Amino acid sequence: MINLVKQFINKVLKNIFKKKKHLKLGIYGAPNSGKTTLANKICQDWLGEDMGNVSNIAHETREVQIKEQINIKHKGKELSFNLVDTPGIATKIDYEDFIKVGLKQSEAKKRAKEATKGVIDSIKWLDDMDAVVITLDATKDPYSQVNITIVGNLQARKIPVLIVANKIDLKKANIKKIEAAFPQYDVIGISAKYGKNVDKFYEALFVITS
């Protein structure tokens, strides 16, 4: 009888470990909200390498990027996941916007086409996510069509969500406005660029993935 109980416990623990091993954590948000900066911070902290390139020009990330088997340890607990950095979601992508920031017409049109495909891929990947971090620029109005679209899609799929109010190092940052916009979710204010409050972010990851 004792052996049967041990076998059962071992089987349960094995299944839990297996589930954590294949956990997919997605980072979503509007262009230039700091998704890749946050992904880079996570990868630097736990893998010693970057996730992808960062740029002041919107839609630098135009393809889904994945880093496998990131193991986070916090206060005696351990969390393993595959990190998925997604292209910025936008309701409208115009190649002329890229021309305004210095790109040539041919390059601007190519970037707009790739960015559009990236948005479609981001939405498709939602079905594979076990949990999602929504990265918002804390200096901007959270009541945007993009943010509402992202949150609506996640609510419909009943995917666990953590909202990150990024760029709190800037004077215009307003975390309270983001908390008011999405009271149903936990909001963590961080500066992904400077690593401020990242420990609180890691702690919150354990909560949404438990």
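None of the figures in this text is laboratory data; all of them are computed from the coordinates on show. Please read all numbers here as calculations on a predicted model, not as lab measurements. Note that we place each Cβ from the backbone using ideal geometry, even for glycine, and neighbour counts take in every protein chain shown.
Structure values in brief
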| item | result |
| --- | --- |
| Listed peptides 73-80, 144-151, 155-162, 186-193 by packing density, highest first (mean Cβ within 10 Å) | 186-193, 144-151, 155-162, 73-80 |
| Which listed pairs, of Lys77/Lys176; Lys41/Lys200; Lys35/Lys75; Lys67/Lys177, have C-alpha distances above 21 Å, in listed order | Lys77/Lys176; Lys35/Lys75; Lys67/Lys177 |
| Distance between modelled label sites at Ser106 and Ile120, nm, 7 Å Cα→Cβ extension | 2.4 |
| Cα pair distances in region 24-208, grouped into 10 Å bins until the bin that holds the longest one, percent each | 10, 38, 38, 13, 1, 0 |
| Length added when fully stretched, Lys172-Asn71, from 0.36 nm per residue minus Cα-Cα | 33.0 nm |
| By average C-beta atoms within 10 angstrom, highest first, the peptides 197-210, 27-40 | 27-40, 197-210 |
| Sequence-distant residues sharing a close amide H with Ala131 (under 5 Å, placed H) | Lys24, Gly26 |
| Under 19 Å from Lys104, Cα to Cα: aspartates and glutamates that are on another chain or at least 8 residues apart | Glu60, Asp94, Glu96, Glu114 |
